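Single-structure report; data block below.
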Amino acid sequence: MSESLQALLERQPHAIVERDGVRYTLLGTAHVSQASVEAVRDAVGSGAFDAVAVELDPQRLTALTDPDAMARMDLVEVIRKGKTALFAANLALAAYQRRLAEQLDVEPGAELKRAVLEARQRDLPVHLIDRDVGLTFRRASAGLGFWGRIKLGAGLMTALFVDEEVGEADIEKLKQGDMLESSFSEFASDSPELYEAVIAERDRYMAGRLRETHGDAREVLAVVGAGHLQGLARHLREETRDPEAIRSELETVRKKSKTPWLGIAIVAFIVAAIGVGIWRGGFAMGADLLLQWVVCTAGFAALGCALATAHPLSILTAALFAPLKPFRLGVPTGTFSALTEARIRKPTYADFMSLRDDVQTVRGWYRNRVARVLLTFLLTNLGSMIGAWTGLFRIGGRLLH
C-alpha cells in the first residue's frame, strides 16, 4: 500500500479484511459529504485496487447515473405486475433525496456514483453488492404487523407530500452513512424487525456479495456507508456459510398465507347476512342488504378516485370493481382504476422527467399524469377500504334492528 493511500485511509473510517487470498479495503463514507466524494476519487485513482465494489443495487445505480431511465418506464406494466405500491415507495425515497440535495447542496450518494465512474474510467470491474431496494422494502414490510405496515405506508406517503427540511437527526444518520436507515429512521428506532431488514440483513448480504463477486481480483476497494463498516467487516471475517446460500436466504420474501382468511370471512359474512335477511324479511330485505354493500363500496371507491381528479371512466371502473373486492382476493380495486387512468391519460416523457419535482407540491401531483395515476391507485384503495368497513357495519346494524 502506497504512503499516499495509507495517509488517505487514516483520515477516513475504514477497515481492512484479508480472506481467501483477497484483501478487502472497506472505505466508510457519508452519503452527504463532499469530503467522502474526494476520498473515493483519490482511493480509486491510487491504482492500488483490482476491482471496486459499491453499496448500490442496479436500480439505485441507474437512478444516480441515468436521469432518463424513469422516462423509459412502462407505467402500465408496473401496475399490471402489482408493483404500484413499490413504485410509490421508491418515489418517496427519491423525493427525500431531492430535499436533501436542495438543503445540503450535495447529491445524496454522490460518492457512490463517483466510485463507479472513476472505476469505469480506469477499466476496473465494478461490483454492485447491495440488495435490491425493492426486496428490502418487501422484507421490511413482511416483518411488520398490520398496523406496522399501515404506519410505514403512511410515513412513506408523508415523505411524498410534505416539503420540509430534513431534521438534524436524519442528517447525522446520513453522515454516519446509510440512506435507507435515514429514510426509515422514524420507524426503525422502535421496530426491531424494520432495523433487521434495513441495516443488519444488508451487512450480511453485502459481505456475502463481496465474497461471491471478487473474481480474480486480489485487492478490492468496497465503498460503503460508514454505518455498515463494523457489521460488514465482522461478517466478512467470521461468516463461514456459502455466500450463495446467504444471498438466496436474504432475497426470499416470506409469502403470505395462501388462504385469504379475511376475504373469506367477509364473503361468508355477506352471504350469511343476505341469507338471514331473506329468512327474516324475504327477498326484499336480502336485496336491500346487498344494495347496502354495493352502494357503500362503490360509492367510497368512486369518491376516492374522484378526489384524485381521475377520468370519469376511471371513476366508473372503481365503482364497478369495488363491490367485487372480496371475490377478487389479492388484487386491489385501485389497480383497475389506475390502469384505466394510465391508458386514457397516457403519461408523456415530460411527465416522467418532471415527476420528482412535481411530487414536492400538491398542485404538482394533480398536474403530473404519472403522479395522478399513483394518486388514483392510492385514493381508490383508501376509499374502497373505508367503503368495505362501512358496508359491513351497515349490514350488521340492519340485521340487529
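Screening segment 320-351 for residues that are among the aliphatic types (A, V, I, L, M) and assigned to a loop (DSSP other than H, G, I, E, B) and picking the one that is most open to solvent (accessible area, probe 1.4 Å) gives Leu329. Between residues in segment 303-319 that are in a loop (DSSP other than H, G, I, E, B) and residues that are among the aromatic types (Phe, Trp, Tyr) and open to solvent by 10 Å² or more (accessible area, probe 1.4 Å), which pairs lie under 9 Å by C-beta distance while being six or more apart or on different chains? Final answer for the pair search is Ala308/Tyr366; Ala308/Phe377; Thr309/Tyr366. Within segment 297-311, can one find any residue that is surrounded by 15 or more Cβ atoms within 10 Å (Cβ to Cβ) and touching a Pro at 6+ places or on another chain (Cβ under 8 Å)? Checked segment 297-311: at least one residue is surrounded by 15 or more Cβ atoms within 10 Å (Cβ to Cβ) and touching a Pro at 6+ places or on another chain (Cβ under 8 Å). Pull up segment 15-31, narrow it to residues that are open to solvent by less than 10 Å² (accessible area, probe 1.4 Å) and among the β-branched types (Val, Ile, Thr), then point me to the one that is nearest to Ala233 (Cα to Cα). Selected residue: Val17.
Please determine, by comparing only the residues of segment 352-370 that are part of a helix (DSSP H, G or I) and either without any contact (Cβ under 8 Å) to a residue 60 or more places away in the chain or on the phi > 0 side of the Ramachandran plot (or both), which one is most open to solvent (accessible area, probe 1.4 Å). Across segment 352-370, the extreme among qualifying residues is Arg363. Within this structure, Ser2 fails the test of being modelled with pLDDT under 90, within 21 Å of Val116 (Cα to Cα) and polar (S, T, N, Q). The condition (being under 30 Å from Phe336 (Cβ atoms), touching a residue at least 24 places away in the same chain (Cβ under 8 Å), within 33 Å of the chain's Cα centre (by Cα) and open to solvent by 30 Å² or more (accessible area, probe 1.4 Å)) is satisfied by just one residue among Gln34, Gln59, Gln12: Gln59. If you go through segment 235-255 and pick out every residue that is assigned to a helix (DSSP H, G or I) and in contact (Cβ under 8 Å) with a residue 24 or more places away in the chain, you end up with 8.
Inside segment 37-56, residues that are open to solvent by 10 Å² or more (accessible area, probe 1.4 Å) and β-branched (Val, Ile, Thr) make up a count of 1.
The values are calculated or read from the model by the stated rules, or taken from the named source; none is laboratory data. Worth saying up front: this structure is predicted, and the values here are computed from it rather than measured. Positions of Cβ are generated from backbone atoms using ideal geometry, with glycine treated the same way; all protein chains shown enter the neighbour counts. Only protein heavy atoms, including side chains, enter the accessible area calculation; ligands, DNA and RNA are left aside. Shrake-Rupley method; radii C 1.70, N 1.55, O 1.52, S 1.80 Å.
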